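Chemist: I'd like to ask some things about the structure below.
The values are calculated or read from the model by the stated rules, or taken from the named source; none is laboratory data. Keep in mind it's a predicted model, so treat the numbers as computed, not measured. Ideal geometry is used to build each Cβ from the backbone, glycine not excepted, and the neighbour counts take in all protein chains shown.
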Amino acid sequence: MSKLPQITAFFWIMKICATTLGETAGDLFSMTLNLGYGVSSIILIGLFLITLVTQLMSKSYHPLLYWMVILLTSTAGTTMSDFMDRTLGLGYGKGAMILVAILSVILIFWQFNVGSLSVTNVKTPKVEIFYWSAILVSNTLGTALGDFLADSSGLRFAGGAFLISSLLALVLGTHYFTSISSILLFWVAFVLTRPFGATLGDLLTKTHEKGGLDYGTIGSSIVLLSILIVCIIFTTYKQKKLAVTKIPND
């Protein structure tokens with residue numbers, strides 16, 4: 001039995017919401033609470049590992065648990081990327097190249113050991129570990145790409161968000177109008193939703209002087225968390241209602 005949600009429009013809405021929340025919540029830990037990138041990364045990676053073990057031990061799909069793991073990969077990815085790029089001084093370019101290499105190795109090992117990168121086949125602990133490792137690294141990579149677009153490319157937050165949204169629209173069109181592998185397009189879209197969330201999160205939280213809307217990390221995180229919870233409740237209700245209608249009458 002698959003322990004992952006179906007890939008629908010709601011999945012991508014919730015993914016973008018979770019990754020944007022990951023950006024604002026990561027900045028809340030490292031900047032607003034002034035814990036620093038290193039300490040924040042240790043705390044968030046610890047929380048991620050706890051929820052990941054719980055996810056691996058579960059026997060079925062639990063929406064709240066699944067999206068909690070997604071959220072923590074995004075939040076931990078934010079602080080880990082900032083730690084690599086800023087504290088270690090690697091910069092966005094070198095940090096992104098290292099993460100691309102790590103993600104490529106994970107996907108190659110996954111393909112070699114399983115024979116497919118399809119998320120519909122994530123039904124064993126081994127494959128699930130590959131899945132979550134790829135997600136953690138892709139969300140960390142997405143943060144580096146988002147920060148590069150916002151800080152180094154000259155596009156700033158709004159321009160970076162517009163560029164990524166245009167690329168996501170291109171991926172969507174490619175999915176519907178070409179025969180390119182849907183598995184490849186899924187992982188491209190999965191990586192791109194993270195920098196979209198990163199630039200969107202920065203747009204919401206940064207000051208007007210820096211090109212943001214200055215809503216703050218606390219207020220933005222509360223709003224995004226509320227939206228994510230509402231989506232989880234709605235999709236869970238819809239899924240249960242659909243399951244009931246499929247039960248044959250006596």
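Chemist: Let me confirm something: among L65, L72, which residue is at pLDDT 85 or above, crowded, with 22+ Cβ neighbours inside 10 Å, more than 19 Å from V188 (Cα to Cα) and not basic (K, R)?
Modeler: Testing whether each residue is at pLDDT 85 or above, crowded, with 22+ Cβ neighbours inside 10 Å, more than 19 Å from V188 (Cα to Cα) and not basic (K, R) leaves just L72.
Chemist: Give just the number: which of (1) surrounded by 24 or more Cβ atoms within 10 Å (Cβ to Cβ); (2) modelled with pLDDT of 85 or more does T143 not satisfy?
Modeler: (2)
Chemist: Kindly provide the set of residues from the stretch 95-120 that are free of Cβ contacts under 8 Å to residues at least 60 places away in the same chain and of a type in the set (S, T, Y), ordered by number.
Modeler: S104
Chemist: I would also like to ask the following. Run down Y215, Y176 and say which single residue is without any contact (Cβ under 8 Å) to a residue 24 or more places away in the chain and in a loop (DSSP other than H, G, I, E, B).
Modeler: Y215
Chemist: Being among the hydroxyl-bearing types (S, T, Y), at pLDDT 85 or above and surrounded by fewer than 17 Cβ atoms within 10 Å (Cβ to Cβ) is true for just one of S181, S133. Which residue is that?
Modeler: After ruling out the rest, the residue left standing is S181.
Chemist: Out of (1) within 18 Å of the chain's Cα centre (by Cα); (2) under 21 Å from G93 (Cα atoms), what's the single condition that is false for S152?
Modeler: Of (1) within 18 Å of the chain's Cα centre (by Cα); (2) under 21 Å from G93 (Cα atoms), only one is false for S152: (1).
Chemist: Picking from Y61, Y66, Y92, which residue would you name as being of a type in the set (S, T, Y), outside any helix (DSSP H, G or I) and either under 20 Å from A198 (Cβ atoms) or touching a residue at least 12 places away in the same chain (Cβ under 8 Å) (or both)?
Modeler: Just one listed residue meets the conditions, Y61.
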